[in-house]
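Report on the following structure.
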Amino acid sequence: MERASPLWYKQGVSPSARPRTHRSPAAVRPAPLLLGADFGKVTTSLAVGELDPDGGVRVVETRAERHLGDPLGPFVTLYRELDVDRVAGIAATGVHGGRLGAPAVGGVPEEIAMELAAAWLYPDGPINVVRIGGGGYSVLSRDASGAVRYDANERCSAGTGETVEGLCARLGRSLDEAVALAEAAPDGVTVTSRCAVFAKSELTHFANQGESHGRIFHGLFEGVARNVHSLYDKGKTEGPVILVGHGALIAPVAAAVARLTEASLEVAEQAAVFEALGALRLAAVQVADGAPEARFPSDPLALVRPSDGRIGRLRPAATGPGSVVRLGDPPNPGAGTAPVVLGLDLGSTGSKAALVDAASGAVLAGVYRRTEGNPVEAAQALIAEAGETVRNPVVAVGLHPQPAGRPGPDRRCPGARPPAGRAVRPPSAPRRPAPRSGWARRRSAPGR
């Protein structure tokens, strides 16, 4: 098989589908190139196509990759691989789609990209396109008459791909590990909250109670599916359901949506680049409709608009006189014989330990680690690490109690027992009320 050039040797493009290279450039003018981009919250998806003389588009390449905070990075890389003289049109959608400026068409609304992609890839009959993305989900329904309805999730129930990955990391698991555990679990816990923040608290509570991670992740994926299905159910039409977006590639989520849906359901073959294909189609329509011929720059950065961030930046603290206090070296624990007090703060997300000199109150050591849903193990690890740092004898242990009703692990932690012979008030013991002042006693006396 002949070796394909970098432009054509991509996903699903056979050598026979590439342009014939033996023809003379003078005899056949290369077809114009089009580029569609979807700059999502987590992933950048790209699609390159050739424009046919009749206005049709032949897709020659697609890419989808996590942008790690640089949504335009993959676009810049791909653009520099193309023959810029052949580029006739570029369109961009997604939360960062407005970052591209003229002559590219930036800021294409998500619903427009979804509608164009659905009309191109599924041209006949009613259909429901359900998108599960990194930052939210949406549904585009087209009935038998061709009328289109678009619904997006409420802001308070936007927890999908990115939130799911964050919750997996909270319990010390990757997304692939969470999927494997969820598929092996026979059932899952019930996540009642639609809000990603409260769902996080629920899952942390289950973990702190000792629920298996498999049941927790099973319940998490089913909770996401219920939220997505609820939005679909709101404006659905008679017709099949097509799942798109990177969240649709999370197998337990797609399976749970399928169980809730009576209509036939499939995950689109182009799920990862669906909206990029819609943007590609928009670029083709504009060129075919006779839009003024655009000349694209050789440097892709010339197309990039500055980010309009809403959060201002303060001057570095180091530039303000007197605003920086440089801490000295930690106190010397001496010969390792001075008594110290161990303090533990076992939170739902992170846990901390500190060793404090009992006489002076000086902090001799501080340690932090993620709780990962297991406060007992976190406490034991913190104590071991703190003990390696400072070997002075611990004469008392204090646990940081949290107010009732607030998120946080069970503080009955066998890994944090005080030394024998020391009495430490348990966190659950009622505090003895402080004596009131003489003024307060006089105010409460009868007849006053």
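The table below lists the values:
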read-out	value
Matching entry among VAL189, VAL224, VAL197, VAL164 (being outside any helix (DSSP H, G or I) and either at pLDDT below 90 or small (Gly, Ala, Ser) (or both))	VAL189
Tabulated pairs, segment 225-250, first assigned by TED's automatic domain parsing to the domain that holds ARG63, second modelled with pLDDT of 90 or more and of a type in the set (Phe, Trp, Tyr), C-beta under 6 angstrom, 6+ apart or interchain	VAL228/TYR137; VAL244/PHE274
Pairs where the first residue, in segment 351-378, is aromatic (Phe, Trp, Tyr) and the second is not in a strand (DSSP E or B), C-beta under 9 Å, 6+ apart	TYR368/LEU382
Answer from VAL273, VAL241 - the residue that is closer than 28 Å to VAL59 by Cβ, modelled with pLDDT of 90 or more and surrounded by fewer than 24 Cβ atoms within 10 Å (Cβ to Cβ)	VAL241
The lone exception for SER230 - which of (1) buried (at least 22 other Cβ atoms within 10 Å of the Cβ); (2) within 30 Å of ALA144 (Cα to Cα); (3) not acidic (Asp, Glu) it fails	(1)
Total residues in segment 105-126, condition of a type in the set (A, V, I, L, M, F, W, C) and buried (at least 22 other Cβ atoms within 10 Å of the Cβ)	6
Residue that is among the small types (Gly, Ala, Ser), touching a Leu at 6+ places or on another chain (Cβ under 6 Å) and over 30 Å from ALA185 (Cβ atoms), where the choices are GLY278, GLY290	GLY278
Scope segment 62-92; condition in a loop (DSSP other than H, G, I, E, B) and either surrounded by fewer than 22 Cβ atoms within 10 Å (Cβ to Cβ) or in contact with a Gly (Cβ under 8 Å, 6 or more places away or on another chain) (or both); matching residues	HIS67, LEU68, GLY69, ASP70, PRO71, ARG80, GLU81, LEU82, ASP83
Positions within segment 34-61 being closer than 20 Å to HIS246 by Cα, of a type outside the set (A, V, I, L, M, F, W, C) and in a loop (DSSP other than H, G, I, E, B), in sequence order	GLY40, LYS41
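Yes/no per residue for (1) surrounded by fewer than 22 Cβ atoms within 10 Å (Cβ to Cβ); (2) of a type in the set (A, V, I, L, M, F, W, C); (3) touching a Gly at 6+ places or on another chain (Cβ under 8 Å):
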position	(1), (2), (3)
ARG170	yes, no, yes
GLU177	yes, no, no
ALA180	yes, yes, no
ALA185	yes, yes, yes
GLY188	no, no, yes
GLY210	yes, no, no
PHE217	no, yes, yes
LEU220	no, yes, yes
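The values are calculated or read from the model by the stated rules, or taken from the named source; none is laboratory data. Every value quoted in this text rests on a predicted model; they were computed, and no experiment measured them. Glycine gets a Cβ as well: all are built from the backbone with ideal geometry, and neighbour counts include every protein chain shown.
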